[in-house]
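Input: a single structure, listed below in C-alpha cells.
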Amino acid sequence: MTTIRSLRKRPSIKLVFPTLIILFLTCLFCILTNLQTISYLFRPLWDKPPPPFKRIPHYYAENVSMGHLCELHGWTPRSEPTQVFDAIIFSNELDLLELRWRELEPYVSKFVILESNTTFTGIPKPLFFDSNRERFSFAQGKIVHGVFPGKKRSKGQPYEDPFLLEGQQRVAMNWLLREAGISDGDAVIMSDADEIPSPHTVKFLQWCDGLPDAMHLEMREYMYSFEFPVDYSSWRASVHLYTRKWTQYRHSRQTDLILSDAGWHCSFCFRRLSDFVFKMKGYSHADRVRRKEFLDYPRIQRHICKGYDLFDMLPEKYSFKELISNIGPIQRSASAVHLPAFLIQNAARFRFLLPGGCIREP
C-alpha cells in the first residue's frame, strides 16, 4: 500500500542549488543597493559627531543702533565701514542668487562669482549666470565674474570625482578674490549660493571691530522652500578677515566659533522640476540617485509637496534619539516671518518659495 509520505518527492539537488544561488544574489543585491541606507541607520554605532561649536550669541532687533549691537557682542563700533566681499561658486540657482544679492547689495563691496562649463560630475552645462547678466544689472558695478574650465566626462566613462572638481574650483576662487581687489583686513563671506547670510549679519562685518579672524555662520535650514524648515544644523558658511598669506577659500570646518542664527540655507529651492533633476545629476552627492525613477518629474513633485527626502535617505544623525526623531516628512510651516525682505516684497514672483507654493513648473 502506497502511503501519503511515499508520494512526496524530494526536490532534486539540481533544482535546489540554483534556487539558493538566485536567493543569495537577490539578497546581496538588496544589501548593496541599500548600503547607504543601512550605513545611515547604524551611523551612531560607527561614527562620532564632530566636536561641538563654541556659539557666539547673536543680538539683533529693529531700530537698535549698530554701535549698541556691536558692544553687545563684545566688539567695538567702527567709524568707517570695512569692505565686504561675498564669494560664491555658482551652478544654476538663479532665483536664490537674485534673492541673495538683493538682500546683501547695500552692504557688500564686491560680489565674486565663479561658475564652470561643467557640473562637479563632469556634465557639460551652460554658463547660467553669464547668460542671465541683465537680471543682475542692479549690482553690475560690484560683480566680479570668473569662468572655471571644467573637465567634461567622456562618453561611456564614469563620472569624474565630484569632490576633486569642486576642490579645484575653490582653489580657483582664491585667485578670483585677488583679482577682485581684496586686501588684508577686508571681510570675505565663503558660502554656497543657497546659504544666504542675513543683512544684519553682514552689517556686523562692516561696522564692528574686533570680530574673530574666522567664524562659521549658523543658518536655519530649509528644504524645497521656506515652507519646510528643518533645523539649525547648517554651519558650512563662514566669514573671514582676509589675509593674503593665510586665508583659503573653503567650505569645510575652519574654526570652532559659530555665530548663532545668522541666515537662511534653502536647499533644493528651485522654481522648475528640471532644475531639481539638473542638480541631482550634477552636484557632489550625485551618487544618491540610486534609481532612474528618482529623476521622474511626478515623483519629485510628490516628494516636494509632502516634504519627503528626494533620495529616500535617512537623516544624517549621530545618535539613535536624533535619528528616530527626524525620520519622516518635514513638517510644514505656515509662517513667513523673519524671512528675506526682498522675498516678501516680491511674494508673487517667488510664490514657490512661500507657504502653499509647493507646485513647481516643469
| Only one of Arg349, Arg302 that is more than 20 Å from the chain's Cα centre (by Cα) and assigned to a loop (DSSP other than H, G, I, E, B) | Arg349
| query | Residues in the range 329-356 that are open to solvent by less than 50 Å² (accessible area, probe 1.4 Å) and either among the hydroxyl-bearing types (Ser, Thr, Tyr) or at pLDDT below 95 (or both): how many? | reply | 1
| Per-region count, the range 42-61, residues open to solvent by 70 Å² or more (accessible area, probe 1.4 Å) and either modelled with pLDDT under 60 or within 15 Å of Ser319 (Cα to Cα) (or both) | 8
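So that you can scan it fast, the table gives a plain yes or no per residue for (1) open to solvent by less than 40 Å² (accessible area, probe 1.4 Å); (2) in contact with a Ser or Thr (Cβ under 8 Å, 6 or more places away or on another chain); (3) of a type outside the set (Asp, Glu):
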| site | (1), (2), (3) |
| --- | --- |
| Arg78 | no, no, yes |
| Glu105 | no, no, no |
| Thr118 | yes, no, yes |
| Lys125 | yes, yes, yes |
| Phe148 | yes, yes, yes |
| said: Being part of a loop (DSSP other than H, G, I, E, B) and within 22 Å of Asp95 (Cα to Cα): is that true of Arg236 here? | reply: yes
| task | Could you tell me whether Ser260 is in contact (Cβ under 8 Å) with a residue 24 or more places away in the chain and over 16 Å from His58 (Cα atoms)? | result | no
| Restricting attention to the range 330-357, which residues are of a type in the set (Gly, Ala, Ser) and more than 22 Å from Asp261 (Cβ to Cβ)? | Ala347, Ala348, Gly356, Gly357
| task | Report whether or not Ser252 is open to solvent by less than 60 Å² (accessible area, probe 1.4 Å) and without any contact (Cβ under 8 Å) to a residue 24 or more places away in the chain. | result | yes
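Table: residues versus (1) β-branched (Val, Ile, Thr); (2) farther than 17 Å from Cys269 by Cα; (3) touching a Phe, Trp or Tyr at 6+ places or on another chain (Cβ under 8 Å); (4) part of a strand (DSSP E or B).
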site: Lys203; (1), (2), (3), (4): no, yes, yes, no
site: Gln206; (1), (2), (3), (4): no, yes, yes, no
site: Leu211; (1), (2), (3), (4): no, yes, yes, no
site: Glu221; (1), (2), (3), (4): no, no, yes, yes
site: Phe226; (1), (2), (3), (4): no, no, yes, no
site: Arg244; (1), (2), (3), (4): no, yes, no, no
| said: Can you tell me which residue is farthest from Gly74 (Cα to Cα) among those in the range 246-267 that are outside any loop (DSSP other than H, G, I, E, B) and in contact with a helix residue (DSSP H, G or I) (Cβ under 8 Å, 6 or more places away or on another chain)? | reply: Cys266
| request: Run down Phe276, Phe270 and say which single residue is open to solvent by less than 20 Å² (accessible area, probe 1.4 Å), modelled with pLDDT of 95 or more and not in a loop (DSSP other than H, G, I, E, B). | output: Phe276
| said: When you check Asp161 against the structure, is it acidic (Asp, Glu) and either under 23 Å from the mean Cα position of the chain (by Cα) or more than 23 Å from Ala262 (Cα to Cα) (or both), yes or no? | reply: yes
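Quick check on the range 310-326. Is at least one of its residues of a type in the set (Gly, Ala, Ser), in a helix (DSSP H, G or I) and at pLDDT below 85?
Yes, the conditions are met somewhere in the range 310-326.
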| message | Taking the condition of being within 16 Å of Leu99 (Cβ to Cβ) and basic (Lys, Arg), how many residues in the range 306-362 meet it? | response | 2
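The values are calculated or read from the model by the stated rules, or taken from the named source; none is laboratory data. All of these numbers come straight from a predicted model, not from anything done at the bench. Because the Cβ atoms are built from the backbone with ideal geometry, glycine has one as well, and the counts that use them run over all protein chains shown. Keep in mind that these areas ignore ligands, DNA and RNA; they rest on the heavy atoms of the full protein, side chains included. Shrake-Rupley method; radii C 1.70, N 1.55, O 1.52, S 1.80 Å.
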